[in-house]
Each structure stands twice: as C-alpha cells, then as structure tokens.
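First up is the structure itself, then whatever we jot down about it.
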Amino acid sequence: MLNNKYLIFFLFALFFPFKLHASSCCGGGSSSSLILLDDDLSSISLGMNFRNDLGQTDGEGWASFNEEGIVDKQSSLNIQWQRLLNESIQIAFKSGLSEKTIFKQKRYEKKSGLSETELQTTYEFLPEYNYSLYKPRGFVFLKASIPGSPSLYDSKSNIFSDVRGTGLYSLSSGAFFIKRFSTISLKSAIEWQHIFGRTFQTKAFKLHDYNKFNFPMSMGFSLDPMPFTIGAGLTWNYQSAKKFTGSINNQSQSEYFWETSAFINWVISREKSLGLSYSDSTLVGKNISSPLYRTIGFTFTQTTAL
C-alpha cells in the first residue's frame, strides 16, 4: 500500500469539488486512455493501481513463478488531465507516485517516489460527423515519457526496490480507432515506443536504443438503462532485443506476451464516474521472456462538457 501521506492526498483530491462533468473511463492501452472520446472539453482522472509480479517466462515460454514467501508488488497513485484545444487536437498529461515493496533474498525493502510522467498530443484524423455503419473514428498520437525512478542498471538496491519503471526516456506514436454500435463499443490501436538508451558511467557500459510495440483491442457493452458498462480486452506486447556494449557485450532475447483485461464503469451522473479494471499476463498465449503479473485499478473521472 502507498503510505498514509499519499492516501490522504488521494482522498483529498477525490472529494475536492471540481466544477466538471463526467464521462466513463474505458479499457485499452495507456496512450489510448489519454484520448478524449466524448463531447467533453477536458477531463481529470485520479486512479490507484496495484500490481503483483508473480514471476517470469524464459526464452522458450516456460513459466517460472516466484517461490512461496517472495513479495514483489507496486502501488501507484496517478493523476491524469486531458484538454481539447479545438475540434481536432487535444493534449494530455499523466503523472503520479509509486511505491515498490519487495521481500526476497532475506531482504525486505519498501521505497516510493515519482512514477513516469507522460505528455501526449492527439489529432483526430478520422472524425465521425455523420453516422456510418462501417467507418470508425480515428486518432493519431505522439507521447513523450520522462522517467521517475532509476533504471534496472543503475539501481542502488540489490533487489531493485527503487526501480518503478524503465528509468529511461522514451517517445511513442501510434493510431487509435473506436466504433460504436448502439450499446457496443469496439476499440483497437497500434503503438510504437522508442526507448532511448544510456551510457552507465559507473559500470562502463552502454545500453543501446530499443523498441516496444503493443496492439490493444477491446469490446465494451453498455447495460442500458443501468448506468454501467462492462468489457474485456486483449493486448499483444513486443519488445525488441536489448544490446549492451562496453564492460558488458551482450544482447538479450526479444520478448513478447499477451495481456488480458476486464473492466466495469459506473456513470454516477453527468459529473462523475468510477471505473474498476483488472489485467493479467498469465492467461493467454505462449509468452517469451516476459513478466508474469496481475494488476487491479480504480479510477475516478470528472470532465468539463463542451
């Protein structure tokens, strides 16, 4: 759990009376979640995420789960803001705090700090001015990520308790599509992320740039007239091999895995909505050199109507 000062901040922010209106949050990848999809001028979201890392798969896809008693968990408190600049262009910001709790090798450590900060701009290149049975709405986006923790390679902890992300700068771009059919919503996206490498002076080696790709797809069902939407999603994730030169001359294996997700959203009123989501990397597909984890998230959203 995040410590008490973070929890107090979250509760204060949750109940602070923003003069905004609400739209329900949705399933999908991180970049697509930074896109306004309804008739809103802006939105602000506050969320808590709890991730439990269970183990790792090897280069042949065999799973190795953590031994009994090992703990590897991360809790995050995030704030996300989006703003429509005109009918086609919007901007977004996301940042927060994370706390890592690890118990292994007879060590127990708990460390907290900033999580990654994300800045995104989005352009709607395929608007839906008139209803079409086939044509979706389409967006393209560009996102920059600024690290908030050390990387795995310059961690000051023997069990990496201070590593809350890649610890590297990155730039992402991609496209997102949504199509609504009465009470059904279909979403899909493609995202490319370029992670910028670094030279680690203290260890005299260089990590070269590498790339990630993800392809999220999801379907949502509105339970009208009840104010709930439920849905499920599937995301394919790929990471290219990492190359090291210097005191270390090595190249890792590329990794890929499937992540399944489910969500339920509750539109409390035009001003407020709540979302609950669950994701899991252990259920589908043959995953190669990938993490095994489960995540649960809670989100509160308010928006300003146009």
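No lab work stands behind these numbers, since they all come straight from the coordinates. All figures in this text were calculated on a predicted structure; none of them were measured in a lab. Here the Cβ is made from the backbone with ideal geometry for all residues, glycine too, and neighbour counts use every protein chain on show.
Segment ILE248..PHE103, full-extension length gain: 49.4 nm, with 0.36 nm per residue of separation and the alpha-carbon distance subtracted. Amide hydrogen proximity for GLU116: with H placed 1.01 Å from N in the peptide plane, the residues at 5 or more positions away or on another chain lying under 5 Å are GLY148. In the elastic network of the chain, a GNM with C-alpha springs shorter than 10 Å, the most mobile of LEU34, LEU77, LEU168 is LEU168. Here's the picture: charge each Lys and Arg Cβ at +1 and each Asp and Glu Cβ at -1 in the chain, and of PHE50, ALA232, SER115 the one pushed furthest to the positive end of that dipole is SER115.
Look at where the Cα atoms of the stretch 109-128 and of the stretch 150-226 average out, and the two centres are 9 Å apart. Annotation: extensible slack from ASN130 through ASP39 equals 31.3 nm (criterion: 0.36 nm per residue apart, minus Cα-Cα distance). Measuring against 24 Å, Cα to Cα, the residue pairs LYS106/LYS212; LYS100/LYS156; LYS110/LYS243 contain LYS106/LYS212; LYS110/LYS243 as the ones spanning a longer distance. Around the Cα centre of the chain, unit charges on the Cβ atoms of Lys, Arg, Asp and Glu (plus for the first two, minus for the last two) sum to a dipole of about 600 debye.
Between ILE268 and TRP192, the simple label model (points 7 Å from Cα in the Cβ direction) yields a spacing of 4.2 nm. Full extension of the chain segment joining LYS110 with TRP236 gains 42.3 nm, where the gain is 0.36 nm per residue of separation less the Cα-Cα distance. Split the chain at each of the chymotrypsin sites (Phe, Trp or Tyr not before Pro) in a DSSP loop with at most 11 other beta carbon atoms within 10 Å, and the longest piece is 135-306.
Within 10 Å of each candidate Cβ there may be at most 14 other Cβ atoms; applying that plus a DSSP loop requirement, which trypsin sites (Lys or Arg not before Pro) in the stretch 167-224 survive? Of the trypsin sites (Lys or Arg not before Pro), the ones in loops of the stretch 167-224 whose Cβ has at most 14 other Cβ atoms within 10 Å are LYS203.
Amide H contacts of GLU271: ALA22, each under 5 Å away and 5 or more positions distant or on a separate chain (H built 1.01 Å from N in the peptide plane; Pro and chain starts excluded).
Recomputing P(r) over Cα pairs in 10 Å bins from 0, in percent from the coordinates shown identifies the correct label among [x] 5, 20, 21, 20, 18, 11, 4, 1, 0; [y] 7, 28, 37, 23, 5, 0; [z] 6, 24, 36, 23, 9, 2, 0 as [z]. Placing dummy labels 7 Å off each Cα toward the beta-carbon, the span from ALA63 to LYS286 is 1.6 nm. Annotation for the stretch 225-293: trypsin sites (Lys or Arg not before Pro) lying in DSSP loop with at most 15 further Cβ atoms inside 10 Å of their Cβ are ARG270, LYS286.
Could you tell me which of ASN249, SER222, ALA305 has its Cα farthest along the dipole of the chain towards the positive end, charges placed at Cβ (Lys, Arg +1; Asp, Glu -1), taken about the Cα centre? My answer, from the dipole projection, is ASN249. Here the label points at LEU306 and ASN211, each 7 Å from Cα along the C-beta direction, are separated by 3.5 nm in the simple model. Working note: 222 nm ellipticity from helices only, DSSP H runs with n ≥ 4, each -39,500 (n - 2.57), summed and divided by the residues of the chain, gives -1000 deg cm²/dmol to the nearest 500. The PHE221 and THR117 beta-carbon pair, evaluated with R₀ = 41 Å, returns a calculated FRET efficiency of approximately 0.75.
When GluC sites (Glu not before Pro) are flagged only if DSSP places them in a loop and at most 11 other Cβ atoms lie within 10 Å, the longest unflagged stretch of the chain comes out as 88-306. A DSSP coil position with no more than 12 other Cβ atoms inside 10 Å describes the following trypsin sites (Lys or Arg not before Pro) in the stretch 25-131: LYS106.
Taking R0 as 22 Å, what FRET efficiency do you get between ILE79 and ARG180 from their Cβ-Cβ distance, rounded to the nearest 0.05? The pair ILE79/ARG180 has a calculated efficiency of 0.20.
Each residue of the stretch 260-275 was assigned a 3J(HN,Hα) from its phi angle through the Karplus curve 6.51 cos²θ - 1.76 cosθ + 1.60 (θ = phi - 60°); the sequence is 9, 8, 9, 8, 9, 10, 10, 7, 5, 6, 5, 9, 9, 8, 10, x Hz, with glycine and proline shown as x.
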